[in-house]
1. Ignoring ligands, DNA and RNA, what accessible area per residue does the chain give at 1.4 Å, in Å²?
2. State the percentage of accessible surface on segment 119-269 attributable to carbon and sulfur atoms; use a 1.4 Å probe and exclude ligands, DNA and RNA.
3. Can you give the Rg and Dmax of segment 25-180 based on its C-alpha atoms, in angstrom?
4. Can you give the longest run of the chain that contains no GluC sites (Glu not before Pro) sitting in a DSSP loop with at most 16 other Cβ atoms inside 10 Å?
5. What helices does the chain have that are whole DSSP H segments, at least 24 Å long along their own axis by Cα, and with mean Kyte-Doolittle hydropathy of -1.0 or more?
6. Ignoring ligands, DNA and RNA, how do V74, V238, V260 rank by accessible area with a 1.4 Å probe, largest first?
7. Could you point to the residue in G184, H168, Y208 farthest towards the positive end of segment 168-213's charge dipole, with +1 and -1 charges on the Cβ of Lys/Arg and Asp/Glu respectively?
8. Running a GNM on the chain with Cα contacts under 10 Å, which residue among I28, I249, I77 ends up with the highest mean-square fluctuation?
Amino acid sequence: MSDLYLHSMAEFGDLILDGLRLAGVRDIVEIGAEFGGMSARLAAFARARDGRLTSIDPEPKPAFASWLGEHPEVTHIAQPSLEALAQVAAADAWIVDGDHNWYTVHHELKAIEAACRRDGKPLLAFLHDVGWPCARRDLYYAPDRVPADFRQPFCFDGGVVLGDSGLHAGRGLRGAGQFAWALGEGGPRNGVLTAIEDFVADAPEGAYCFARIPAVLGLGVLFDAAAPWSPDLATLLVPYHDNRLLETIEINRLRNYLAVLDWQDRAAA
């Protein structure tokens, strides 16, 4: 079933690389490698510019580990992002696709901002899962890493469906024990998009620009409005930002996939 479900940040690869070129990026930090699909393209990009890729992932898939040994331009830090970011120098760009919950994403952005200020670099971050289902609902791979005061009530067994803020037993998009969903959708400190919005709201007015591309679970691009390359990057992103056609296609894609899951569940029952 996974072949039917486009879910990788690599689907945005061409657009991300175009953005990196416009910004003159050399050194990249990637949070969340998983299978390494996007890592390979980022590593090739950095290598061609005498740069480096630093990949942060506490438990990447075996395919990534085997690939890593052949690429000396890549440094892997096998720690959770909020531990690893404290020891990483500011990069020219940050690719964020790790734990999809408010606490982690909000504090990743705070750490990235601090590193950029320390090292005098403008912030440029590409963040995945800013659309449904994680925009307004936390997902936890390791709930214990999130302090209790910031953690939504959660469940490993329920599934999510479009148009319903609750969880459903044995139906919808679910983690099969691999991850947990927050019990409810929406509200304060819940979801990836909420984390980004709260980060921007905490910054001085006009400090950052943000583009939301509503396809393949949503790509967000957050960047320093004062960067010399900011106008060119904005020009690249404007046609995709909050594009209603893309959003309509994405919702239809998700509905079709959820319908296939329902058929599969009924057949298994």
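The values are calculated or read from the model by the stated rules, or taken from the named source; none is laboratory data. Remember, it's a predicted structure, so these values are computed and weren't measured experimentally. We place every Cβ from the backbone using ideal geometry, glycine too, and count neighbours over all the protein chains shown. Ligands, DNA and RNA are excluded from the accessible area calculation, which covers all protein heavy atoms including side chains. Shrake-Rupley method; radii C 1.70, N 1.55, O 1.52, S 1.80 Å.
1. Numbers: 12490 Å² over 269 residues.
I get 46 Å² per residue for the chain.
2. Values: 4020 of 7340 Å².
About 55 percent, which is the carbon plus sulfur part of the accessible surface.
3. Looking at segment 25-180, its Cα Rg and Dmax stand at 16.6, 50 Å.
4. 74-204
5. Qualifying helices: 102-119, 244-268.
6. Ranking V74, V238, V260 by accessible area, largest first, yields V238, V260, V74.
7. It is H168.
8. Looking only at I28, I249, I77, the largest GNM fluctuation is found for I249.
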